[in-house]
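This report concerns only the one structure given below.
The values are calculated or read from the model by the stated rules, or taken from the named source; none is laboratory data. Please read these numbers as outputs of a predicted model, since none were measured by experiment. Note: ideal-geometry Cβ built from the backbone for every residue, glycine included; neighbour counts use all protein chains shown. Heavy atoms of the whole protein, side chains included, go into the accessibility calculation; ligands, DNA and RNA do not. Shrake-Rupley method; radii C 1.70, N 1.55, O 1.52, S 1.80 Å.
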Amino acid sequence: MFITFEGIEGAGKSTAIASVADGLERRGRRVLLTQEPGGCALGKTLRTLLLDQKSVIASRAELFLFLADRAQHVAEVVRPALEQDIVVLCDRYADSTLAYQGYARGLDPAVLRQLSAEAAGGLVPDMTLLLDLPVEEGLARARRRNERLGTVSSEGRFDAESLAFHAKVRSGFLAIASEEPERVKIIDSSRPPAEVQAQCLRHLETLLQG
Ligand code: TYD
């Protein structure tokens, strides 16, 4: 089973993924946590390039770097795990490409869908949990996290984007969720962590039973 987690910066994906993994392991499932970009060796190199504020990257070049990461990650990590009946929990996937490179950077969503499917060899998540919260709240959380981790001076290219950019990303994610309500479930991420975990597990329960 392939589950992806999406959301703006500071939406609480990492916390939600860790707690969902815990919940699934308690139910006896084998779980793999992974991420895009950076879920494989090639991806780690691409991630450094993509997030470094010193990188000068045109929108189309950025798109193809994310897609290269996806192609390698799916082939090397995700598919082999799924074949072993491991539940794969992935921090960001194709909806991030649509929201960031499409809705926010302005590349054509229809083209992105096609290219992204090509990179992923057609692999679509069984379920996507969209951690949703107001942009101001997400960015404030991300800022606090960067300060805590001491990464404030080197925060990434995306953290440095404007409020308007992140607002487009959020509305992009919400548009995808309304187009694909079967796959994409909206989680109210402004709730306390235990409640966010419960919301996620409730959705997954239906999938695990089905
Ligand atoms: P991530 O490290 O998950 O960011 P955060 O922890 O702040 O949520 O992801 C790195 C950045 O890459 C994030 O800002 C979103 C961006 N991204 C894209 O623009 N397109 C993509 O296809 C993916 C997977 C990520």
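Run down ALA164, ALA194, ALA177 and say which single residue is over 19 Å from the mean Cα position of the chain (by Cα) and within 20 Å of GLY102 (Cα to Cα). Write out each step before concluding.
Numbers: ALA194 fails: within 20 Å of GLY102 (Cα to Cα); ALA177 fails: over 19 Å from the mean Cα position of the chain (by Cα).
Just one listed residue meets the conditions, ALA164.
Here's a check for you: in segment 153-196, which residue that is at pLDDT 95 or above, part of a helix (DSSP H, G or I) and of a type in the set (Ser, Thr, Tyr) is least open to solvent (accessible area, probe 1.4 Å)?
SER171
Confirm whether GLY43 is near the ligand (Cβ under 10 Å from one of its atoms) and farther than 22 Å from SER189 by Cβ.
Numbers: near the ligand (Cβ under 10 Å from one of its atoms): yes; farther than 22 Å from SER189 by Cβ: yes.
So GLY43 fits the description; yes.
I'm trying to understand the selection: among the residues of segment 150-190, which are over 26 Å from ILE57 (Cα atoms) and within 14 Å of the ligand (Cβ to nearest atom)? Break it down stepwise before answering.
The initial filter retains those residues of segment 150-190 that are over 26 Å from ILE57 (Cα atoms), namely 174-175, 177-190.
Matches in segment 150-190: SER189 only.
Based on what the data block shows, is ALA142 buried (at least 19 other Cβ atoms within 10 Å of the Cβ), farther than 21 Å from ALA198 by Cβ and either polar (S, T, N, Q) or at pLDDT 95 or above (or both)? Before the answer, list the steps.
Details: buried (at least 19 other Cβ atoms within 10 Å of the Cβ): yes; farther than 21 Å from ALA198 by Cβ: yes; either polar (S, T, N, Q) or at pLDDT 95 or above (or both): no.
The answer is no for ALA142.
Let me confirm something: among GLY12, GLY7, GLY38, which residue is modelled with pLDDT under 95, touching a Lys or Arg at 6+ places or on another chain (Cβ under 8 Å) and near the ligand (Cβ under 10 Å from one of its atoms)? Walk me through how you get there before you give the answer.
On the way: GLY7 fails: modelled with pLDDT under 95; GLY38 fails: modelled with pLDDT under 95.
Of GLY12, GLY7, GLY38, the one residue that is modelled with pLDDT under 95, touching a Lys or Arg at 6+ places or on another chain (Cβ under 8 Å) and near the ligand (Cβ under 10 Å from one of its atoms) is GLY12.
What is the number of the single condition among (1) in contact with a His (Cβ under 8 Å, 6 or more places away or on another chain); (2) more than 27 Å from PRO181 (Cα to Cα); (3) among the small types (Gly, Ala, Ser) that GLY138 does not meet?
For GLY138, the failing item is (2).
Name the pairs: first residue in segment 91-120 and in contact (Cβ under 8 Å) with a residue 60 or more places away in the chain and within 18 Å of LEU50 (Cα to Cα), second residue among the charged types (D, E, K, R) and within 7 Å of the ligand (Cβ to nearest atom), Cβ to Cβ under 6 Å, at least 6 apart or on different chains?
ASP91/LYS13; ARG92/GLU36; TYR93/GLU36
Please find, among ALA81, ALA58, ALA119, the residue that is over 25 Å from LEU163 (Cβ atoms) and away from the ligand (no atom under 11 Å from the Cβ). If you could, list the steps in order and put the result at the bottom.
Numbers: ALA58 fails: over 25 Å from LEU163 (Cβ atoms); ALA119 fails: away from the ligand (no atom under 11 Å from the Cβ).
Within the list ALA81, ALA58, ALA119, the selection yields ALA81.
Output the residues belonging to segment 117-138 that are assigned to a strand (DSSP E or B) and not acidic (Asp, Glu).
Listed by number, the residues that qualify are MET127, THR128, LEU129, LEU130, LEU131.
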